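Quick notes on the structure that follows.
Just so it is clear, none of the values below were taken in a lab; they were calculated from the coordinates. Small disclaimer: the values here were computed from a predicted structure and weren't measured. Every residue, glycine as well, gets a Cβ built from its backbone with ideal geometry; the counts of neighbours run over all protein chains shown.
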Amino acid sequence: MTESTSYRRVLLKLSGESFARAGERGISMDEVLHIAAQTVRAVSRGVELAVVIGGGNILRGASFTAGNSGVQEATAHYMGMLATVINGLALQDALESLGAQTRLMTAIRMDGVAEPYIRRRARRHLEKGRIVILAAGTGSPYVTTDTAAAQRALELGADILMKATRVDGVYSDDPEKNPHAVLYRELGYQQVREQNLRVMDATAISQCMEHGMPILVFNYRRDGNIERAVAGERIGTIVGSRRSDEAATRPAP
Ligand code: UDP
């Protein structure tokens with residue numbers, strides 16, 4: 001029997017790397033279409049979906065400044081935010097080529113390209129069944145799109161924040177390097193912080209913890225997983241306050 005919960009509104013965080021072929025940078029429309037097809041199937045079940053898109057396949061502010069002395073750190077972060085808009089445009093066309101209704105909204109105004117992000121308007125689009133793609137992060141430098149995802153999940157009234165990753169969930173160590181790493185099924189926010197587990201950045205975790213926003217970390221590379229996650233199937237790792245931080249961490253069976 002499969003345990004499941006049904007969600008009404010979901011915030012999905014897609015990293016930029018999900019738009020590139022494994023080990024490569026830039027955008028592969030094959031990869032984008034693969035994600036888009038899963039997303040369209042997930043939405044056809046009736047859930048309202050907002051997507052926060054990253055930009056790491058193109059540029060991350062922190063690493064770009066580290067490698068280039070001629071650019072100010074804040075400038076590099078703005079460059080990273082613009083990278084997320086490039087990804088947002090690719091995702092929008094991929095989704096629309098599959099028949100989905102979408103809106104691209106940016107936290108930095110660029111009127112010829114996309115709508116400005118306005119919370120009430122975004123909620124209206126969601127109510128009308130449109131997939132809302134949220135680009136340019138929070139619009140402010142020095143944070144990442146994980147923080148934008150937490151922020152938007154809260155203000156749009158999502159039931160859950162889902163983070164799509166390359167691995168099956170949250171592990172005790174990097175599973176791509178340590179074959180003995182243990183996959184957790186359930187974690188408390190405090191455990192994530194204390195054990196420094198790689199879920200999302202610290203600001204995003206704190207925000208979710210403060211407001212009780214659950215986080216599901218799951219593998220987007222397994223076909224059908226976006227649908228499964230959105231349908232509430234018990235995949236990946238759930239981070240929340242239930243049974244939370246005093247309970248022992250339960251490893252996967
Ligand atoms: N960024 C930012 N403010 C935000 C969101 C993103 O300055 O609110 C910049 C930051 O430099 C970040 C880059 O945009 O590294 C791309 O986003 P991110 O690294 O989160 O992309 P992902 O790793 O999810 O692909």
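Taking a cut-off of 23 Å, what percent of all Cα-Cα pairs in the chain are separated by more than that? If you can, show how the numbers build up before the last one.
Details: 15347 of 31878 pairs.
Tail fraction, whole percent: 48.
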Selected from Ala150, Ala83, Ala135 as most flexible by GNM, with the chain as the system and alpha-carbon contacts under 10 Å: Ala83
Calc'd 3J(HN,Hα), the range 182-197, phi into Karplus 6.51 cos²θ - 1.76 cosθ + 1.60 (θ = phi - 60°), Hz, glycine/Pro = x, comes to 9, 8, 8, 8, 9, 9, x, 4, 5, 5, 4, 6, 5, 8, 6, 6
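Which value at 222 nm does the chain reach when only helices count, each DSSP H run of 4 or more adding -39,500 (n - 2.57), with the total divided by all residues and rounded to the nearest 500 deg cm²/dmol?
On the way: 8 runs with 89 residues, N = 253.
Taken over the chain, the calculation gives -10500 deg cm²/dmol.
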Restricting things to Cα coordinates, could you compute the convex hull volume per residue of the range 133-232 in Å³? 120
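For the range 1-88, which GluC sites (Glu not before Pro) are both in a DSSP coil and crowded by at most 16 other Cβ atoms within 10 Å? Can you show the working numbers first?
Details: sites: Glu3, Glu17, Glu24, Glu31, Glu48, Glu73; in loops: Glu3, Glu24.
The qualifying sites are Glu3, Glu24.
Taking Rh as the Kirkwood radius, which is the inverse of the mean 1/r over Cα pairs, what is the Rg/Rh value for the range 1-148? Provide the component values of the computation, followed by the final result.
On the way: Rg = 15.6 Å, Rh = 15.7 Å.
Looking at the range 1-148, the ratio lands at 0.99.
Sorted from fewest to most neighbouring beta carbons within 10 Å, what does the list Ser15, Ser6 look like? Could you put the intermediate results ahead of the total?
Details: Ser15 22, Ser6 11.
Listing Ser15, Ser6 from fewest to most nearby Cβ atoms yields Ser6, Ser15.
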Take every DSSP beta bridge whose two residues both sit in the chain, then give the antiparallel share in percent to the nearest 5. 20
Inter-centroid distance (Cα atoms) of the range 57-118 relative to the range 185-241, Å: 24
In nm, give the distance between the simple-model label positions of Arg185 and Arg25, each being 7 Å from the Cα along the Cα-to-Cβ direction. 4.1
Using a Gaussian network model on the chain with a 10 Å cutoff between Cα atoms, which of Thr203, Thr65, Thr144 fluctuates the most? Thr65
Under the rule of at least 5 residues apart or a separate chain, name every residue whose amide H is placed under 5 Å from the amide H of Leu104. Glu115, Ile133
Return a whole-number percent for the relative contact order of the chain, with Cα pairs under 8 Å and 6 or more residues apart as the contact set. 23
Within 10 Å, Cβ to Cβ, of Lys163, how many net charges do the neighbouring residues add up to if Lys/Arg are +1 and Asp/Glu are -1? 0
If each residue of separation counts as 0.36 nm, what is the full-extension length gain between Ala202 and Ala66 once their alpha-carbon separation is subtracted? 46.9 nm
Taking Lys177 as the anchor, which lysines have their alpha carbon closer than 27 Å to its alpha carbon, excluding any fewer than eight residues away along the same chain? Lys13, Lys163
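Using only Cα atoms, what is the ratio of the radius of gyration of the range 67-122 to 2.2 N^0.38 Å?
On the way: Rg = 14.0 Å, N = 56, 2.2 N^0.38 = 10.2 Å.
Ratio of Rg to 2.2 N^0.38 Å for the range 67-122: 1.38.
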